[in-house]
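Report on the structure given below.
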Amino acid sequence: MIISEQKSFEEMLEYLEGDKKVFIVGCGDCATVCQTGGEEQVKEMKEKLEGEGKTVTGWIVLNPACHLLEVKRGFREKKEEVNSADSLLVMACGNGVQAVADASGKVVHPALNTLFLGSIQRFGQYLERCSLCGECILEQTGGICPVTRCTKGLLNGPCGGSKDGKCEVDPEKDCAWELIFNRLKEIGQLEKIKEFRPPKARSKGQQWRVILERKAAASG
Amino acid sequence: MALKEALESGKFVVTTEVGPLKGTDTSEVMEVAEILKGKVDGVNVTDQQSAVMRLGSLATCSLLVQKGLEPVFQMTCRDRNRIALQSDLLSAHVLGIRNVLVISGDFPSLGDHIDAKEVYDLDSEQLIWTINQMNGGQDLAGNELQGKTDFFVGAVVKPVSDTDASTELQLAMMEKKINAGARFFQTQAVYEADVFERFMKRAAQFKVPVLVGVIPLKSVGMARYMNKNVSGVFVPEPLIDEMGKAEDKTAKGLEITARLINDLKDMCQGVHIMAIGWEKKVPEILKMAKLA
């Protein structure tokens, strides 16, 4: 799940300065779950913008906003509303904003800040658990990711900074390596702590990452 | 004598450390160097300690070499990627530096440039492993070096832990660091001989020299501050009391330090004195501990 938060309304108004007619785009996936860009928030935004004297030419909640074909299909249905707008306010993650820009060719404004790939603990409580590093090591670390959950992203074990099992950076945050140690102990894999993990292939997480061809199924 | 030879000779080794200042003024460091010359077996130079930006460890180590001292180049993983780390190691070798102490480094948010991007491209085990590669004539990527390095590599360990997981992890990390190429250890500051003894009973199996860390106490406030804020440091209450009752805090602080060194010295191969502002008093401490 892509976790997002709404930008302040003041910031959005700055973006929209000079735009009289606005079309609003929401997302039916992540931004709906986060309650930052679902139907309810899109409708609220419409009212708020109208309260500021803007004309909202229309709105749509895409399923999802990061799917280019879905965006194009949605915009065909709302062709007039989209075309008559000075700009589009996109209540979706950064992927959604860019798909909307590509599909519409219009001026787009982001309404959200995209925060992280998170898991949902309960409603409104999200934790970052994966950094999309492209080289998963969860097999060796008892299913707890040190790349993401150790503040320093250390791969071989903890630094010397933990205090009562908490991170030197934030006393609320668990030391990921103590969690890993305890988990490995529980599942009888403590020997994995002593395995040396060589320097990470950062290139897998840093290069321009695209998959242009659908890979054949493993069985061929 | 080089630090490596001093440790191999079996004598009780003494190292200490200096922290460069923020700025280009090196007069304080040079003054300390003059005082320490011939009195200690090695002088660590901290690397942007506490994530506070200062004059670099590499340049300062080079000044110490020129002065005839034996520097230990502290290197954190916080600020440089693997390219910069290796390049600085080559530079260090060329400048006559032969000892490197590898640490992960405090996170930037604890220092004075809180919005800096942290690096940690390599962790300490991987950096130790990399130095070992370079000593063998290859860089991390496996390319041949035109002239290899010859570093004596040290690492750090925390003998006092507050959780069972941390205690076990520290020992496991020590073993991993040795396997990666660490040849000596410096510890976090120790104030309790019995706790250190328990640690050394388990660490002795690794047969790698350990220099016990000692920080001279200067005040009750300092002791309380470290207990609250510094991971792995615990000053017991009786020691704080003793400090509190003393009229001359400086004399008491030095006395306690000398006593600690004597209590600890039979358990390990050396002492690393982190004087934190009292660098010039290190020779006095050594005299009081009958090490000079």
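Computed from the coordinates by the stated procedures, all read-outs in this text should not be read as laboratory data. For clarity, every value in this text was computed on a predicted model and none was experimentally measured. Using ideal geometry, Cβ is built from the backbone for each residue, glycine included, and neighbour counts are taken over all protein chains shown.
Between A:F181, A:F196, A:F75, the Gaussian network model of chain A with springs among Cα atoms under 10 angstrom shows the greatest mean-square fluctuation at A:F196. The alpha carbon convex hull volume per residue for the protein assembly as shown rounds to 206 Å³.
Taking 7 Å steps out from each Cα toward its Cβ at A:V107 and A:F9 produces label points 2.2 nm apart. Counting only DSSP beta bridges with both residues in segment A:2-115, the antiparallel share comes to about 15 percent. Legend: ranking of residues B:F185, B:F234, B:F107 from fewest to most surrounding C-beta atoms inside 10 Å; resulting order B:F234, B:F107, B:F185.
Across every direction, the projection of the convex hull enclosing the Cα atoms of chain A has a mean area of 16.2 nm². How about B:K39: which lysines have a C-alpha closer than 20 Å to its C-alpha, ignoring those fewer than 8 places off in the same chain? List returned: B:K4, B:K11, B:K67, B:K265, B:K280, B:K281, B:K287, B:K290. With the charge dipole of the protein assembly as shown set up from +1 on Lys and Arg Cβ and -1 on Asp and Glu Cβ about the Cα centre, the Cα lying farthest toward the positive end among the listed residues B:G244, A:Q125, B:F206 is that of B:F206. Taking the Cα centre of segment A:47-121 as origin and assigning +1 to Lys and Arg Cβ atoms and -1 to Asp and Glu Cβ atoms, the resulting dipole is close to 200 debye.
Each Lys or Arg adds one and each Asp or Glu takes one away; over the other residues whose Cβ falls under 14 Å from the Cβ of B:T46, this sums to -3. Dividing the convex hull volume of the alpha carbon atoms of segment B:19-80 by its residue count gives 78 Å³ per residue.
The trypsin sites (Lys or Arg not before Pro) of segment B:117-221 that meet both conditions, a loop assignment by DSSP and at most 14 other Cβ atoms within 10 Å of the site Cβ, are B:K117, B:K207. Its residue count N sets the reference 2.2 N^0.38 Å, and the alpha-carbon radius of gyration of segment A:2-115 equals 0.92 times that reference.
Counting every alpha-carbon pair across segment A:122-220, the share separated by more than 17 Å comes to 60%. Under the classification rounded if a/c is under 1.5, otherwise prolate if a/b is larger than b/c and oblate if not, where does segment B:207-292 fall, given a ≥ b ≥ c as square roots of the Cα gyration tensor eigenvalues? Oblate, since a/c reaches 1.5 and b/c is not below a/b.
Under the convention that each Lys and Arg Cβ holds +1 and each Asp and Glu Cβ holds -1, the size of the dipole of segment A:133-198 around its Cα centre is about 100 debye. With the charge dipole of segment B:3-288 set up from +1 on Lys and Arg Cβ and -1 on Asp and Glu Cβ about the Cα centre, the Cα lying farthest toward the positive end among the listed residues B:C268, B:Q133, B:G19 is that of B:C268. Here the 3J(HN,Hα) profile of segment B:90-98, calculated from phi with Karplus coefficients 6.51, -1.76 and 1.60 at θ = phi - 60°, is 4, 4, 4, 4, 4, 7, x, 8, 10 Hz, Gly and Pro shown as x. Net charge in the neighbourhood of A:S203 (other residues with Cβ under 11 Å of its Cβ; Lys, Arg +1, Asp, Glu -1) is +3. By the count of neighbouring beta-carbon atoms within 10 Å, fewest first, A:V107, B:V235 end up ordered A:V107, B:V235.
Here the Kirkwood formula, the inverse mean of 1/r across different C-alpha pairs, assigns chain B a hydrodynamic radius of 19.5 Å.
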